[in-house]
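To keep things clear, I will list the structure first and then write my remarks on it.
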């Protein structure tokens, strides 16, 4: 398995419980991979093994060809890491913190100043450099954390919950920053936020109980939804008593499901399953026109990532947090 980020059969156990179970994956340059899973699925433990903060019980991890365990210094030179919560020295000014990190990265003189200036500009934190980190909003604290991760211009970025706790505007800004860096980097993002996959990921992996249960583009994952390809008819609730039998009596309709419209309490949605191989949408449209029903929406469902996620990650689990 190749890639700027590469893991083979990573396994971690705690007190006899397997938290990450033979996990293998690869992330190429130009790719933003979302690591999805419920709490306790093994995301943070996977991140910590990939970055060398935890030693796996089995398996191996490589960053730009460097063994994370066998050659940790070389590996850490080529990746930037934003841990969960973006920890930093709270009493330091943001600018001083970045200067400290740059020095720890071996940067000095003009090279150090240039690296800080570039990182500050990339995440737009020039206005808060004199403020202590404990006075910053979550959004700016997260941006400072992102700045330290990209300070040394790494090939690889590993970001654990980069938008956790941010408001919608702050989430949008951080995602745009990630997209802006995607072309030249391999980026791995751990997240609980499904919309993050559509916003900035070119591919996603879903893990459950430490195992990969799905891997593909957002479009490919949505295609696994039970709703994918079904015809959806939305109409006023008052129309449902006559509309349902008219649709269910069509020979091309195998089954029909009725549910309240998620965005409108006064509307109802009928989800139709095709009984054959031909296109169902034009036939339904023809039937609706014949009956002159005032339809609010008629479409072919793309499927929802949420449905796929829930179908693959059900069951109780304990919180997973590595010591």
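The values are calculated or read from the model by the stated rules, or taken from the named source; none is laboratory data. This one's a predicted model, so the numbers in the text were calculated from it and none came from an experiment. Here the Cβ positions follow ideal geometry from the backbone for every residue, glycine too, while neighbour counts run over all protein chains shown.
Residue 41 - would you say it is over 28 Å from residue 133 (Cα atoms) and free of Cβ contacts under 8 Å to residues at least 60 places away in the same chain?
no
Any residue that is surrounded by fewer than 16 Cβ atoms within 10 Å (Cβ to Cβ), modelled with pLDDT of 95 or more and assigned to a helix (DSSP H, G or I) - is there at least one of those in the stretch 87-101? Yes, the stretch 87-101 contains at least one residue that is surrounded by fewer than 16 Cβ atoms within 10 Å (Cβ to Cβ), modelled with pLDDT of 95 or more and assigned to a helix (DSSP H, G or I).
Conditions (1) without any contact (Cβ under 8 Å) to a residue 12 or more places away in the chain; (2) outside the structural domain of residue 22 (by TED's automatic domain parsing); (3) in contact with a strand residue (DSSP E or B) (Cβ under 8 Å, 6 or more places away or on another chain), marked per residue:
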{"residue": "159", "(1), (2), (3)": "no, no, yes"}
{"residue": "175", "(1), (2), (3)": "no, no, no"}
{"residue": "182", "(1), (2), (3)": "no, no, yes"}
{"residue": "192", "(1), (2), (3)": "no, no, yes"}
{"residue": "195", "(1), (2), (3)": "yes, no, no"}
{"residue": "204", "(1), (2), (3)": "no, no, yes"}
{"residue": "210", "(1), (2), (3)": "no, no, yes"}
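Exactly one residue out of 290, 296 is in contact with a strand residue (DSSP E or B) (Cβ under 7 Å, 6 or more places away or on another chain) and at pLDDT 85 or above, and it is 296. If only residues of the stretch 1-21 that are assigned to a strand (DSSP E or B), under 21 Å from the mean Cα position of the chain (by Cα) and in contact (Cβ under 8 Å) with a residue 60 or more places away in the chain are counted, the one that is surrounded by the most Cβ atoms within 10 Å (Cβ to Cβ) is 20. Of the set (1) part of a strand (DSSP E or B); (2) modelled with pLDDT of 85 or more, all apply to residue 265 but (2). Restricting attention to the stretch 153-187, the residues being part of a helix (DSSP H, G or I), touching a helix residue (DSSP H, G or I) at 6+ places or on another chain (Cβ under 6 Å) and at pLDDT below 85 number 2. Of all residues in the stretch 60-81, those satisfying the criterion of being in contact with a helix residue (DSSP H, G or I) (Cβ under 8 Å, 6 or more places away or on another chain), more than 14 Å from residue 157 (Cβ to Cβ) and crowded, with 16+ Cβ neighbours inside 10 Å are 61, 62, 66, 68.
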